[in-house]
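Visitor: Have a look at this one before I ask anything.
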Amino acid sequence: MDIDEKLKQLRRERDARQRNQKIRSTWERLDGEDGLTVKEKLERLITLTNTGWAVRGPAKAPAAEATRREPIEVHENPYKLGARYGQIPIAMGLEIPGEILAFLSRDGAFESLDLGSAVFLDLETTGLAGGTGTVPFLVGLGYYRDERFKVSQFFLSEMAEEGRLVREVAQFFKDMAFKSVITYNGKAFDMPLLETRFALHRTPFPIRELPHLDFLFSARHLWKDKYDSCRLFNLAQQVVQAERAEDIPGAEIPLRYFQYIRTGEFSLIEPILYHNQEDILSLLGVVVAGALLVDRNRASAERGAADAMDLYGVARLFESAGEAAQAAALLEQALEGQLTAHASHTARVKLSHHFKKSQDWGKAVSLWRELSQGDQAFSFRELSMYYEHKAKDYEEAIRAAEEGLAVSMGRSLVERKDFEKRIERLRAKMRKQGKGVIK
């Protein structure tokens with residue numbers, strides 16, 4: 001994406017956020033007014049927020065005719081296993097072993113599972129009030145069945161029929177007997193919201209206890225330092241290389257739905273259905289891509305990916321899982337390639353801590369010396385501590401502390417006081433040993 005396109009996208013997102021804020025504040029005001037039905041509130045919302053959208057097509061049908069639409073619509077799209085989404089073959093999702101899913105999710109229940117029995121879940125919601133005031137009007141579900149990857153979308157065409165939507169989705173969950181759930185930020189949003197709607201309609205939530213992989217957390221470890229954004233849309237483009245356009249700003253979705261409720265104009269909803277379907281396919285794509293990265297690097301850093309930033313991301317994932325030795329091996333290999341300045345610095349800091357903990361002093365000291373070239377006060381402190389307590393070389397310890405003191409001047413009072421006390425103590429030790437104190 002060139003700079004002009006990126007600026008246009010940022011402007012669209014800014015405008016969408018501003019519209020959404022206007023919608024939210026207007027709805028909160030209307031929602032507090034007594035004596036208005038939900039339909040009346042929605043009509044006033046659209047009038048007051050004045051989107052300026054022109055609904056294309058023939059003149060509107062009479063209100064009585066507009067109500068004939070199906071209250072619950074189910075849209076299905078199957079994809080052959082031989083198809084690709086970007087660079088990812090659809091069938092590859094079936095090859096991801098359970099141990100990799102368990103590693104990504106931190107849930108051992110995935111050990112005996114695979115993506116063939118999982119449901120990929122993504123909701124589109126009214127997104128206005130939060131809590132019980134937010135309604136998921138589109139439940140998008142992706143899953144493998146009958147030699148296909150299928151996307152089923154349950155669309156709430158009439159808000160008064162939400163209970164029926166909940167029951168139909170619940171029955172679908174039971175019939176399909178999914179064994180795990182895959183989401184992107186689903187632990188914070190999709191699953192709690194859907195469970196709340198089920199509870200409000202006194203319907204058991206069949207997938208509540210299933211193992212859940214929320215891939216957002218793994219994605220941030222893997223790619224936060226490599227790409228500008230870990231939005232699912234961005235990762236689909238950058239990681240999966242899917243030819244996905246910015247179909248509709250997320251902040252615009254609630255208002256489009258409410259205008260559809262008012263007019264029955266399905267062209268308002270079609271971009272939302274497309275957006276939701278793309279999100280599910282994107283989720284499949286990035287989960288497979290992330291799993292492949294981990295799989296290539298879990299046994300040995302020597303089998304790692306060629307891209308240094310990918311190695312760095314996988315190392316962060318292993319570090320978060322408590323596998324320090326594997327993380328260190330990957331970071332060492334990553335430093336041999338092209339890392340960003342931030343990643344390179346962070347990798348050296350993390351490795352120096354690892355080697356200090358494992359008492360590999362040669363490597364630790366080498367890294368601290370490298371870091372000291374960048375005026376890193378902590379590296380001088382570590383060097384001073386090493387020379388004092390391990391090498392018993394007080395002169396070198398004082399030199400390192402004095403360099404650290406010089407670096408900390410004008411930066412941190414705490415660091416400066418620490419170095420001053422350290423120097424004073426080291427000089428006292430030298431005097432006790434009858435050695436001259438270096439100037």
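The values are calculated or read from the model by the stated rules, or taken from the named source; none is laboratory data. Keep in mind that this is a model prediction, so the values were computed, not measured. Here Cβ is always computed from backbone atoms with ideal geometry, including for glycine, and neighbour counts include all displayed protein chains.
Visitor: What's the number of the only condition in (1) free of Cβ contacts under 8 Å to residues at least 24 places away in the same chain; (2) not assigned by TED's automatic domain parsing to the domain that holds residue 138 that residue 270 fails to meet?
Guide: Result: residue 270 fails condition (2) only.
Quick grid of which residues meet (1) of a type in the set (Val, Ile, Thr); (2) modelled with pLDDT under 95; (3) assigned by TED's automatic domain parsing to the domain that holds residue 224; (4) under 30 Å from residue 377 (Cβ atoms):
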| residue | (1), (2), (3), (4) |
| --- | --- |
| 279 | no, no, yes, no |
| 282 | no, no, yes, no |
| 289 | no, no, yes, no |
| 305 | no, yes, no, no |
| 310 | no, yes, no, no |
| 321 | no, yes, no, no |
| 337 | no, yes, no, yes |
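Visitor: Take the conditions in contact (Cβ under 8 Å) with a residue 40 or more places away in the chain and over 29 Å from residue 318 (Cβ atoms) and apply them to residue 119. Does it pass?
Guide: Working: in contact (Cβ under 8 Å) with a residue 40 or more places away in the chain: yes; over 29 Å from residue 318 (Cβ atoms): no.
Taking the combined requirement at face value, the residue does not satisfy it.
Visitor: Another question, then. Can you name the residue in the stretch 114-124 that is surrounded by fewer than 21 Cβ atoms within 10 Å (Cβ to Cβ) and in contact with a helix residue (DSSP H, G or I) (Cβ under 8 Å, 6 or more places away or on another chain) and, of all such residues, is nearest to residue 320 (Cα to Cα)?
Guide: Residues of the stretch 114-124 that are surrounded by fewer than 21 Cβ atoms within 10 Å (Cβ to Cβ), as a first pass: 114, 116-117.
If we keep only those that are in contact with a helix residue (DSSP H, G or I) (Cβ under 8 Å, 6 or more places away or on another chain) too, we end up with 114, 116.
Values: 114: 23, 116: 27 Å.
Within the stretch 114-124, the match that is nearest to residue 320 (Cα to Cα) is 114.
Visitor: Oh, and also: Can you report the number of residues in the stretch 144-157 which are out of contact with any Leu (no Cβ under 9 Å at 6 or more places or on another chain) and either in a strand (DSSP E or B) or not assigned by TED's automatic domain parsing to the domain that holds residue 260 (or both)?
Guide: Final tally of qualifying residues: 1.
Visitor: Does any residue of the stretch 361-384 turn out to be closer than 24 Å to residue 96 by Cβ and in a helix (DSSP H, G or I)?
Guide: The answer is no, given that none of the residues of the stretch 361-384 is closer than 24 Å to residue 96 by Cβ and in a helix (DSSP H, G or I).
Visitor: Moving to a separate point now. Go through the stretch 84-102 residue by residue and tally those that are closer than 23 Å to residue 238 by Cα and touching a residue at least 12 places away in the same chain (Cβ under 8 Å). Before the answer, list the steps.
Guide: Step one: filter the stretch 84-102 for residues closer than 23 Å to residue 238 by Cα, giving 84-96, 100-101.
Those still in the list that are touching a residue at least 12 places away in the same chain (Cβ under 8 Å) too: 85-88, 90, 92-94, 96, 100-101.
Count: 11.
Visitor: Pull up the stretch 236-257, narrow it to residues that are of a type outside the set (D, E, K, R) and assigned to a loop (DSSP other than H, G, I, E, B), then point me to the one that is farthest from residue 89 (Cα to Cα).
Guide: Step one: filter the stretch 236-257 for residues of a type outside the set (D, E, K, R), giving 236-242, 245, 248-251, 253-255, 257.
If we keep only those that are assigned to a loop (DSSP other than H, G, I, E, B) as well, we get 239-242, 245, 248-249.
Details: 239: 14, 240: 10, 241: 12, 242: 11, 245: 20, 248: 26, 249: 27 Å.
Across the stretch 236-257, the extreme among qualifying residues is 249.
Visitor: For the stretch 158-188, enumerate the residues that are in a loop (DSSP other than H, G, I, E, B) and crowded, with 19+ Cβ neighbours inside 10 Å. Lay out the reasoning, then the answer.
Guide: Here is the first cut: in the stretch 158-188, the residues in a loop (DSSP other than H, G, I, E, B) are 158, 177-179, 184-188.
Answer for the stretch 158-188, where residues must be in a loop (DSSP other than H, G, I, E, B) and crowded, with 19+ Cβ neighbours inside 10 Å: 178, 184, 186.
Visitor: Within the stretch 320-329, take every residue that is free of Cβ contacts under 8 Å to residues at least 60 places away in the same chain and more than 17 Å from residue 360 (Cα to Cα) and give me the one that is surrounded by the fewest Cβ atoms within 10 Å (Cβ to Cβ).
Guide: Within the stretch 320-329, the subset free of Cβ contacts under 8 Å to residues at least 60 places away in the same chain is 322-329.
Then drop every residue that is not more than 17 Å from residue 360 (Cα to Cα), which leaves 322-323.
On the way: 322: 9, 323: 16.
Going through the qualifying residues, I end up with 322.
Visitor: Next question. Determine whether residue 149 is buried (at least 22 other Cβ atoms within 10 Å of the Cβ) and not polar (S, T, N, Q).
Guide: On the way: buried (at least 22 other Cβ atoms within 10 Å of the Cβ): yes; not polar (S, T, N, Q): yes.
In short, yes.
Visitor: Might you check whether a residue that is free of Cβ contacts under 8 Å to residues at least 40 places away in the same chain and touching a His at 6+ places or on another chain (Cβ under 9 Å) occurs anywhere in the stretch 396-415? Show your work before the answer.
Guide: From the stretch 396-415, those free of Cβ contacts under 8 Å to residues at least 40 places away in the same chain are 396-397, 399-415; that's our starting set.
Now narrow it down to the ones that are touching a His at 6+ places or on another chain (Cβ under 9 Å): 397.
Within the stretch 396-415 (the criterion being free of Cβ contacts under 8 Å to residues at least 40 places away in the same chain and touching a His at 6+ places or on another chain (Cβ under 9 Å)), the answer is yes, since at least one residue qualifies.
Visitor: A follow-up question, please. In the stretch 82-104, which residues are among the small types (Gly, Ala, Ser) and either over 22 Å from residue 318 (Cα atoms) or crowded, with 20+ Cβ neighbours inside 10 Å (or both)?
Guide: Hits for the stretch 82-104 are 82, 83, 86, 91, 93.
Visitor: Here's a follow-up. For the stretch 392-439, what are the residues that are in contact with a helix residue (DSSP H, G or I) (Cβ under 8 Å, 6 or more places away or on another chain) and of a type in the set (Gly, Ala, Ser)?
Guide: Selection gives 397, 400, 401, 404, 408, 412, 436.
Visitor: To continue, here is another question. Could you please let me know if residue 348 is outside any loop (DSSP other than H, G, I, E, B), buried (at least 18 other Cβ atoms within 10 Å of the Cβ) and modelled with pLDDT of 95 or more? Explain how you work it out, then say what you get.
Guide: Details: outside any loop (DSSP other than H, G, I, E, B): yes; buried (at least 18 other Cβ atoms within 10 Å of the Cβ): yes; modelled with pLDDT of 95 or more: yes.
Spelling it out, residue 348 is indeed outside any loop (DSSP other than H, G, I, E, B), buried (at least 18 other Cβ atoms within 10 Å of the Cβ) and modelled with pLDDT of 95 or more.
Visitor: Test residue 195 against the stated conditions and say whether it is farther than 21 Å from residue 318 by Cα, in a helix (DSSP H, G or I) and at pLDDT 95 or above.
Guide: Values: farther than 21 Å from residue 318 by Cα: yes; in a helix (DSSP H, G or I): yes; at pLDDT 95 or above: yes.
So residue 195 passes the test.
Visitor: While we're looking at this one, here's another question. Does any residue in the stretch 342-361 that is more than 16 Å from residue 373 (Cβ to Cβ) come within less than 8 Å, Cβ to Cβ, of a residue that is among the charged types (D, E, K, R) and assigned to a helix (DSSP H, G or I) six or more places away or on a different chain, and which pairs are these?
Guide: Filtered contacts from the stretch 342-361: 350/319; 355/363; 356/382.
Visitor: Kindly check whether there is at least one residue in the stretch 80-99 that is assigned by TED's automatic domain parsing to the domain that holds residue 163, in contact with a Phe, Trp or Tyr (Cβ under 6 Å, 6 or more places away or on another chain) and at pLDDT 95 or above.
Guide: Pass one, the stretch 80-99, residues assigned by TED's automatic domain parsing to the domain that holds residue 163: 80-99.
This time we only want the ones that are in contact with a Phe, Trp or Tyr (Cβ under 6 Å, 6 or more places away or on another chain), so: 90, 98.
Okay, now just the ones that are also at pLDDT 95 or above, so 90, 98.
Within the stretch 80-99, one or more residues are assigned by TED's automatic domain parsing to the domain that holds residue 163, in contact with a Phe, Trp or Tyr (Cβ under 6 Å, 6 or more places away or on another chain) and at pLDDT 95 or above.
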